[in-house]
Amino acid sequence: MSVKYNLTQRLNSGRMPVSLHVRSNRFNNEKTTMVLKQSPSEIKPPAKRIKKIMCAVLLFCLGRGFQTVSGMDPDVIKEIEGWNEGFGILFEVAPGGPYLQLRKEKNRIRFLGLSKADADLVIQFKNIEAAFMVLTAQMGTPQAFAEHRISVRGNLPEAMRLIRCLNYVQYYLFPAFIAGKVMKRLPPIPAGRLLSGRAYVYLFGVPLGL
Amino acid sequence: MLPAYFQFYNPVKILSGKKALENIPFELELLNASRPMIVTDKGVVQAGLVDIVTAALGGSNLTIGAVYDKTPPDSSNIVIGEAAALFRDAKCDSLIAVGGGSVLDTAKGVNIVISEDTTDLMKFIGADRLTKPMRPMIAVPTTAGTGSEVTLVAVIANEEKCFKMLFTSYLLLPRVAVLDPRMTLTVPPRITAFTAMDALTHAVEAYSCLQKNPLSDAYAWAAIDLVRKHMIMAVTDGKNEEARMALANAALMAGCAFSNSMVGLVHAIGHAVGGVSRVAHGMTMAILLPWCMEYNMGKCAPYYGELLLPLAGPDEFLKTDPEKRAGRSVAVIREMNSHLNRLAGMPLTLKDCGVKRESLPDIARTALGDGALVFNPEESDYNEILGILRKAY
Ligand SMILES: NC(=O)c1ccc[n+]([C@@H]2O[C@H](COP(=O)([O-])OP(=O)(O)OC[C@H]3O[C@@H](n4cnc5c(N)ncnc54)[C@H](O)[C@@H]3O)[C@@H](O)[C@H]2O)c1
Ligand SMILES: [Fe+2]
C-alpha cells in the first residue's frame, strides 16, 4: 500500500521526467509484489494487554468503592432506592472486556466480579483508551458521553441515576484536586463524612470488600 | 477554543427552495424505493399540504402506498404501532413525513418498529441502540422549529407513563430533507412563534453545551442570525415566502448544530414539562430558555456574550460593554418573548400554559432522568431544577 502511495505521490508531483516515471513505476510494482510474498500485508495492532489489566484493576476499585459508598453515603443510598431489587449494571470495555458487574441487593450495590453478564443497564466504553481516561479521572463521565466515547444500553433515567452515583463514588476515590477538574461540580459531601468515608473506602472498602 | 475532540456527522441531503418537493420521486428512485407511505397529522391535511405534496409527486412512477394522518401532538408509542401496521399491510417500502416535529418523530418511530421488526419500542430507548438499516425516509418539515429533519433524535411521548422517550442513533437521520416554501406558509402565528423559539433554543444550547465545536458553532450562529432577521416578519406576515424560508433554513441549521453538540438544561426540563403536563414543546422552550441561561451563566457567560452579535445585531453588540453582553443576550431573548406574546399571544409563564403548580415537583423529578442533562455544562440537582421551574411559573 505505502509503496503505491509514494509512487502516485511522486507521479503527481510531476517533477520527474516521463521516462523515469515509467521505470520507477515498474520498479515499484515489482517491489510491492515482492513484499507481499515475503510477509502478508496484514498487521495486527498491539493487544494493549497491560492497559487492559490496568483497566481491570481500576474497574475492581470502582466496583468495590461503589459497594462501600452505597452503604454509607446518605445521598447515594437515596439515589439507589430508585432502582428495583436485583437491578443489574454492567460496565464493558469494547471489544471483549474487561467488565465490571454490579447488582442492587438488599438496598445496596454489590460488586459481583469482573466477568460479563446480562444487565439492565450497560455502560460501554467504545475502546480501552476511553475507559482508561474515565477510570483514571482524566476525563469526566459527561464529557465522555458528549464526545461519544461511551454508549449506554438501558433506560436513560437509570443511566442518569448511575451518573449521579458515580460522581459521589469518584469523589470518595479521588482527591478534590483531581475530581474537581473533571466534574462539573463536586458533590456536596460534608468534609467530615468525606474524610472518614475516604479512609474507610481506602482501608476496608477496596482491599477487603466491606 | 477548539475542543480536545469532537465528532460531527450530517449525511442528510438537503433540498431547499422553490419546487423542492418535485424532486422527491427522483430521490426515492435513487434510494430504490417506489411505494412510500405518507405520515402526517390532521392539521397538516386540513392546511392542504398533503394535497400539495401528492400533486408534486405527479408524473412519476411512484405509488403512495398509504397515508397515515392520525399523528397526535408529541407523537405517541400507541399510534406508532398503528402506523407501522398500516405500513406493513400496504406493503410500503419507504416513508415521507409531512408535518411538524410530532410527525417527523412519528415517522422515525415507525421506521424503528418496521426496521427492527419489533412491537416494543421501549427496548430501543436511549443512545445507539438501533442496529438494523432503516427504510428510506424523506422528511418534509411543515413547521420551522424542531430541525428533526436533520437530527438523530426522535422524541416520542409514552402515553402510559407520561414521559418523553428519547431515541438517538445515526440510523434515525432521514435520507433527504425537503424545505419547500409552500409547506410553512399556513402555520398560524402562535405556532410560528413558538416553533421559531424552539429553533433558537437549539442554537443557543448547541453553542454552549459540552460538545460545542467549530462546525456546530457555525450552524448555530447562522441559525440565530436568520431568526433575528426574519422571525417577526414570519409571525406578522405569514405569507412572506422569504421570511418563511429563512426560518425553515434556520431551524434546519439549528437542528444540525444540536444533533452534533446536543442540547442541555432547557430541553431536559422542557421535555419533562411536555411529558407531565402536555404543553407544546416550543412554548416550554421559549419560557425556560432565559431562566436556564441565567442558571448556566457561571459556566457559559463567554458563549452567551458572543451570541449577542447574532441575537441583537452588530450595533447593539458594539454598544454593549463586553462584560455585560451575556446578560444582555438573556434580556434580548426576553424581549423577543414579550414581542411574540403581544403579536401572537405566546404565553410567557408555565402557569399561562396550563401547567399546575402541584405538578412542578413531578416535572423536576422527571427532568433529572432526561439524558440532555448530561450535556449541560452546569450541574443541577432536584432542588435547583425545581427552583428554575418556580421562577418560570
Ligand atoms: N427530533 C428532534 O430533533 C426534535 C427536536 C425538538 C423537538 N422535537 C419534538 O417535536 C415535537 C414538536 O414539533 P412541532 O413544534 O413542529 O409541532 P407539531 O408537529 O406538534 O405541530 C404543531 C401543530 O401545528 C400544526 N401544523 C404543522 N404544520 C402546519 C402548517 N404548515 N400549517 C398549519 N398547521 C400546521 C400541526 O397540525 C399541529 O397541530 C415535540 O414532540 C418535540 O418533543 C423533536
Ligand atoms: Fe427542541
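The values are calculated or read from the model by the stated rules, or taken from the named source; none is laboratory data. On a predicted model such as this, the values are computed, not experimentally measured, just so you know. As a convention, Cβ positions derive from the backbone with ideal geometry for all residues, glycine included, and neighbour counts pool all protein chains shown. Calculation scope for accessible area: heavy atoms of the full protein, side chains included, ligands and nucleic acids excluded. Shrake-Rupley method; radii C 1.70, N 1.55, O 1.52, S 1.80 Å.
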> Can you tell me which of B:151, B:119, B:142 is more than 20 Å from the chain's Cα centre (by Cα) and either of a type in the set (Ser, Thr, Tyr) or modelled with pLDDT of 95 or more (or both)?
Replying inline: B:119
> Hey, among B:381, B:315, which residue is within 14 Å of chain A (Cβ to nearest Cβ) and more than 24 Å from the chain's Cα centre (by Cα)?
Replying inline: B:381
> Can you tell me which residues in region B:185-223 are surrounded by fewer than 24 Cβ atoms within 10 Å (Cβ to Cβ) and more than 16 Å from residue B:345 (Cα to Cα)?
Replying inline: B:185, B:186, B:210, B:211, B:213, B:214, B:215, B:217, B:218, B:221, B:222
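Residues are listed down the side, and each one gets a yes or a no for (1) within 14 Å of another protein chain (Cβ to nearest Cβ); (2) under 14 Å from residue B:165 (Cβ atoms); (3) open to solvent by 50 Å² or more (accessible area, probe 1.4 Å); (4) at pLDDT 95 or above:
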| site | (1), (2), (3), (4) |
| --- | --- |
| B:39 | no, no, no, yes |
| B:44 | no, no, no, yes |
| B:49 | no, no, no, yes |
| B:60 | no, no, no, no |
| B:67 | no, no, yes, yes |
| B:125 | yes, yes, no, no |
| B:133 | no, no, yes, no |
> Here are A:164, A:110: which of them is touching a residue at least 40 places away in the same chain (Cβ under 8 Å), assigned to a strand (DSSP E or B) and of a type in the set (D, E, K, R)?
Replying inline: A:110
> For region B:143-176, how many residues meet the condition of being open to solvent by less than 10 Å² (accessible area, probe 1.4 Å), away from ligand 2 (no atom under 16 Å from the Cβ) and more than 13 Å from chain A (Cβ to nearest Cβ)?
Replying inline: 2
> If you take the residues of region B:343-368 that are in a loop (DSSP other than H, G, I, E, B) and open to solvent by 10 Å² or more (accessible area, probe 1.4 Å), which of them is farthest from the other protein chains (Cβ to nearest Cβ)?
Replying inline: B:345
> When only residues in region B:229-286 that are of a type in the set (Val, Ile, Thr) and assigned to a helix (DSSP H, G or I) count, which is farthest from ligand 1 (Cβ to nearest atom)?
Replying inline: B:232
> Is at least one residue of region A:189-206 within 14 Å of chain B (Cβ to nearest Cβ) and not in a strand (DSSP E or B)?
Replying inline: yes
